[in-house]
Amino acid sequence: MAKITAGVTTSHVPAIGAALDNGKANEEYWKPVFAGYDYSKKWIAEQKPDVIILVYNDHASAFSLDLIPTFALGCGEKYKPADEGWGPRPVPDVYSHQELASHIAQSVITDDFDLTVVNTMDVDHGLTVPLSLMFGQTDAWPCKVIPLAVNVVLYPPPSGQRCYDLGKALRRAVESFDEDLNVQIWGTGGMSHQLQGPRAGLINKEFDNNFLDKIVSDPEALAKVPHINYVREAGSEGVELVMWLIMRGALNDKVTQKHRFYHVPASNTAVGHLILENK
Ligand code: DHB
Ligand code: FE
């Protein structure tokens, strides 16, 4: 049977992708950011996941104000990189495990979560930057990736509790798939940042570090935190953090923390990164 073995969380700052793509990773500003992923690259090379369920948010690259699904599961065969700002990154196309994606759609939807099935879409920095941070620069991503896009750009995003419960449904889906697969779940985005308005540039280290503690030790309590707390304390884009709760819901109650990294700033954002293994 397929099994979720580990979870990864990481910020997805687009400037990180641009730094890598434009040969700036060794500049003084960027060195400490990438150093936080040295362990992670070794860890994932040993783990060799077959499939990653990658929870991320689209930033008006695949979806626009015309149509924004709350939870969109990619069920297509492959996805091309796209982006606003710096434009599409020169990174490989992303290939899916279509049978598992279809099984997840069937299992999760019949488990009362109304996912939107998306067969054709492009994927932006929300998905490609985490892949680059974990796998580095490569001609082909070493495993299959199933994208799960969550709306955190247009009010109202899904609640933390809904995200946490969706994680649990994803786990039931994966564990009922009849093929031996090593599956990881990644929750991306965050940590504190605000890109607009009078509070642009907001960072809240105390909030972020408490979130890093609680997502490991007490996710049930974290799931009850309302949106307004994220927006007030972690900034308007800090609400991306609800996606980490989908990752956490898909893991065991007790997990082993293999790695924790926090760095301020990368562009306008506090970078946070965790690796959690199922006990
Ligand atoms: C930045 C961070 C984001 O998460 C994003 O989507 C866009 C920009 C930033 O820090 O610049
Ligand atoms: Fe973002």
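Where a number appears in this text, it was derived from the coordinates with a stated rule and is not lab data. Nothing here was measured: the structure is a model prediction, and the numbers come from that model. Positions of Cβ are generated from backbone atoms using ideal geometry, with glycine treated the same way; all protein chains shown enter the neighbour counts.
Of the residues examined, D93 is not one that is within 16 Å of ligand 1 (Cβ to nearest atom), out of contact with any Gly (no Cβ under 6 Å at 6 or more places or on another chain) and within 23 Å of A140 (Cβ to Cβ). When the residues of the range 250-272 are filtered to those that are within 15 Å of ligand 2 (Cβ to nearest atom) and not polar (S, T, N, Q), the one that is surrounded by the fewest Cβ atoms within 10 Å (Cβ to Cβ) is P265.
The number of residues in the range 189-237 that are hydroxyl-bearing (S, T, Y) and away from ligand 1 (no atom under 14 Å from the Cβ) comes to 1. Residues in the range 142-173 that are touching a residue at least 12 places away in the same chain (Cβ under 8 Å), within 13 Å of G249 (Cα to Cα) and not small (G, A, S): Q161, C163, Y164, D165, L166, K168, L170, R171, R172.
For residues in the range 1-29 being touching a residue at least 40 places away in the same chain (Cβ under 8 Å), closer than 18 Å to G272 by Cα and of a type outside the set (A, V, I, L, M, F, W, C), which is farthest from ligand 1 (Cβ to nearest atom)? Across the range 1-29, the extreme among qualifying residues is G7. Cβ separations smaller than 8 Å between residues 6+ apart or across chains give the following pairs from the range 250-279 residues that are within 16 Å of ligand 1 (Cβ to nearest atom) to residues that are among the basic types (K, R) and not in a strand (DSSP E or B): Y262/K205; V264/K205; A270/K205.
Within the range 124-149, being assigned to a loop (DSSP other than H, G, I, E, B), touching a Ser or Thr at 6+ places or on another chain (Cβ under 9 Å) and away from ligand 2 (no atom under 15 Å from the Cβ) holds for one residue alone: T138. In the range 79-94, the residues that are closer than 21 Å to D50 by Cα reach residues that are small (G, A, S) with C-beta atoms within less than 8 angstrom, at least six apart or across chains, in these pairs: Y79/S96; V91/G17; V91/S132; P92/A140.
For the criterion of being more than 16 Å from ligand 1 (Cβ to nearest atom), free of Cβ contacts under 8 Å to residues at least 60 places away in the same chain and either surrounded by fewer than 21 Cβ atoms within 10 Å (Cβ to Cβ) or small (G, A, S) (or both), A35 passes.
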